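Before any comments, here is the structure.
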Amino acid sequence: MIEANQLTKSFKMYPSKRGILNSMRSLFSAKYEIKHAVDAISFKINEGEFVGYIGPNGAGKSTTIKMLSGILHPSSGTATVLGINPQKERKQLARNIGIVFGQRTQLWWDLPVKDSFEILKAMYRISEQDYRLFLKKYDDILEIGRFLETPVRKLSLGQRMRADLAAAMIHNPSVLFLDEPTIGLDVVAKKNIREFLKEMNRSHQKTIILTTHDMDDIEQLCSRVIVINQGKTVLDGSLEQLKNHIGLPSILKVLFDERVNPKNIIGVEKIEQIDSELTILYDRSKITSPALLQEISQWGTPKDIQMKEPEIEEVIQYFY
Amino acid sequence: MKLKLYIKLVSASIRSRMQYKMNFVFSMVSYGIVMMIDFLMLAAILNRFNEVKGWNLYEVGILYGISSVSLSLYRTVAPEIHEFEKYMIEGEFDSLLIRPVSPLVLLLSKNLDLSRIGGALQGMIIIALSLYHVSHTHSITLLLIYLPVILVCGWVISFSLALVTATIAFWTQRIKDFQTFTLYAPFYAANYPMNIYPGWLKFIFFTVIPVAFINYVPMLFLLNKSGNIYYLLLPVLVALLFFYLALAFWNFGIRFYHSTGT
């Protein structure tokens, strides 16, 4: 259904300059670095799968999604979505996929939400009847009816995201690409969005690729996880495999008053030391936080202690 | 179908724009003033010299008017092409590529800069005044009939030049500096008859930046200076060819769009 085959995108990085002479010069100059944003990634996603596509900032997540949706042309390799080549038949593909960029709304900023929907209705040639069904259905699940008459710029972030999600569904696409749809949302808004996505996947058989920074998104939604780092796939498997592989550790940061010699503790998966600061990744199912603290305090006198919930970013950077 | 969508999108953009009414009125007034000062300067120079290489004040006025209307019409219809670099720098071009409509149609329908109509009106007034004076010595029937064709060709040529310039942004991100060389300077130059320029410059204006065909070439014939009836066909051919090349270049350039990181 969605296939990437040795998909690669490399950029020439010119030192950027202003002014016509400088920009002309950099246009022809040989001084550049080649950066592989996405480096020979391959995967195959079947109908109805809900795939979490994760990795640290700049790992190449958005670039991959942009190649799958036809926005970017790959430097080499191919992509196929619903049997369509996204670059050659971009418009054809656009009728069959829905895209949401969490960072940027696709709606008309100064106009009421309803106006955006009506423009999209014309763009995707949706019949009056289907349009009315759409409004009804998404008012039921996302409660968009409450802010249909409000200009997009006056919506809260959570409302805006609901409006954006509904807009992406207006032409009833079978594939959804979601680039950080929960970014910046509060707990309640995140929960709403997750429930919506779950329903789209379970009851409507939508195939979904989701990029996110939020581990809870992955745990609650995704049956499969693809982890990329520096443009390369480092893991492609089930959520269980990801957990077994990196254990989803909790993070403890301890600052000592002097450099210490850490020892092995059962349940601690990794320790990083920079001067007198330790970053400890540990598995809470094997060792409790108080027990760990007790062990650590034997190494020296802690000056400051910070506990953090696991974030995909950090965990992946520590492991790969 | 396409037209219906275009009208829907344009009306949405005008409604968006009208959310900031003061800004709209202000830019219309300020643009009108700038254009008036511009022409007063030209008139002052011409008054002093009476004629430029065989072209009198009113004949140059026609050239000026046509060049000015062409550019203003383009600026009215395609402000987003003119401001294209913001799509590169802010990565906004992504949003145009996820729709089942060509990005060019979306760009053109995204905004109409109605404040530029002032510039077109001012150009039309200058053409009308100049024609009135020219009519004392020439027959202007053919000129009047042909004028709409000239204006449409001028508009198409300026749009094509702008589209080529915008396409450069796929590689350089920024185009503001290029626009000086590909749009502002050539259109300023086309306010005057081409025979005042040195050979190399004339070569440019007859080939890569074909502004000579917007007004100078057809006017040579219509004002009985030289040439033949085929001079009236040239602007149409150049406009069509240039438009075709600009579109091809644009479609080629899109492949090199490399977005921005989020």
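Computed from backbone phi with θ = phi - 60° and the Karplus coefficients 6.51, -1.76 and 1.60, the 3J(HN,Hα) list for segment A:219-230 is 4, 8, 10, 8, 8, 9, 10, 10, 9, 10, 9, 6 Hz; x is used for glycine and proline.
Note that segment A:85-222 shows a convex hull volume over its alpha carbon atoms of 111 Å³ per residue.
Partner shielding of B:97-105 amounts to 6, given as the average count of beta-carbon atoms from other chains within 10 Å of each residue beta-carbon.
With the simple model of a label 7 Å out from the Cα in the direction of the Cβ, B:Asn47 to A:Asn57 spans 6.1 nm.
Counting Cβ atoms of other protein chains within 10 Å of each residue's Cβ and taking the mean over peptide A:108-120 gives 3. As a ratio to 2.2 N^0.38 Å, the alpha-carbon radius of gyration computed for segment A:80-145 takes the value 1.28.
Applying the Kirkwood pairwise sum to the alpha-carbon positions of the protein assembly as shown produces a hydrodynamic radius of 27.8 angstrom. Taking every Cα-Cα distance in segment A:159-256 and sorting them into 10 Å bins starting at zero, the pair-distance distribution P(r) comes out as 13, 42, 31, 11, 2, 0 percent. Given R0 = 30 Å, the distance between the Cβ atoms of B:Thr180 and B:Phe252 translates into a calculated FRET efficiency of 0.80. Ignoring aspartates and glutamates fewer than eight residues from A:Lys232 along the same chain, the ones with Cα atoms less than 20 angstrom from its Cα are A:Glu3, A:Glu33, A:Asp39, A:Asp179, A:Glu180, A:Glu311, A:Glu313, A:Glu314.
Principal axis extents of the C-alpha atoms in segment B:116-262 (largest first, rounded to whole Å): 64, 32, 27. Annotation note: GluC sites (Glu not before Pro) in segment A:102-183 located in DSSP loop regions with a Cβ neighbour count of at most 14 within 10 Å are A:Glu143, A:Glu149. Approximating the spin labels as points 7 Å out from Cα along Cα→Cβ, the B:Leu201-to-B:Asn56 distance works out to 2.5 nm.
From the Kirkwood radius over Cα pairs of segment B:1-133, Stokes-Einstein at 20 °C and 1.002 mPa s returns a whole-number translational diffusion coefficient of 126 µm²/s. On the beta carbon distance between A:Glu199 and A:Glu258, with R0 = 41 Å, the FRET formula returns roughly 0.15.
Beta-bridge orientation, the protein assembly as shown: approximately 70 percent antiparallel, per DSSP, counting only bridges with both partners inside. Counting Cβ atoms of other protein chains within 10 Å of each residue's Cβ and taking the mean over peptide A:54-66 gives 2.
The Rg/Rh ratio for segment B:122-207 is 1.06, where Rg is the radius of gyration of the alpha carbons and Rh is the Kirkwood radius. Pairs of C-alpha atoms in segment B:176-227 farther apart than 14 Å represent 52 percent of all such pairs. Measuring between their Cα centroids, segment B:40-88 and segment A:203-256 lie 60 Å from each other. Please work out the C-alpha center-to-center distance from segment B:205-262 to segment A:97-124 and express it in whole Å. Segment B:205-262 and segment A:97-124 have Cα centres separated by 36 Å.
With all pairs of different C-alpha atoms in the average, the Kirkwood value for the hydrodynamic radius of segment B:2-254 is 19.2 Å.
Mean separation of Cα pairs under 8 Å and 6 or more residues apart, divided by the residue count, gives chain A a relative contact order of 20 percent. Backbone amide hydrogens, once placed in the peptide plane, bring A:Leu235 within less than 5 Å of A:Val227, excluding anything fewer than 5 places away on its chain. Here segment A:168-320 is treated as a sphere whose radius is the Kirkwood value from Cα pairs; by Stokes-Einstein at 20 °C and 1.002 mPa s it diffuses with a coefficient of 121 µm²/s.
Rounded to the nearest 0.05, the FRET efficiency derived from the C-beta distance between B:Ile125 and B:Val105 at R0 = 41 Å is 0.80. With contributions of -39500 (n - 2.57) from each DSSP H run of at least four residues, the per-residue ellipticity at 222 nm computed over chain B stands at -22000 deg cm²/dmol. Volume per residue for chain A equals 188 cubic angstrom (convex hull of Cα atoms). Simple spin-label estimate for A:Lys303 and B:Leu240 gives 8.0 nm between the two label positions (7 Å along the Cα-to-Cβ direction from each Cα). Calculated mean residue ellipticity, 222 nm, chain A: -10000 deg cm²/dmol, from DSSP H runs (n ≥ 4) at -39500 (n - 2.57) each, averaged per residue and rounded to 500.
Every number here is computed from the coordinates shown, using simple stated rules; none is lab data. Nothing here was measured: the structure is a model prediction, and the numbers come from that model. All Cβ positions, even for glycine, are placed from backbone atoms using ideal geometry, and neighbour counts span all protein chains on display.
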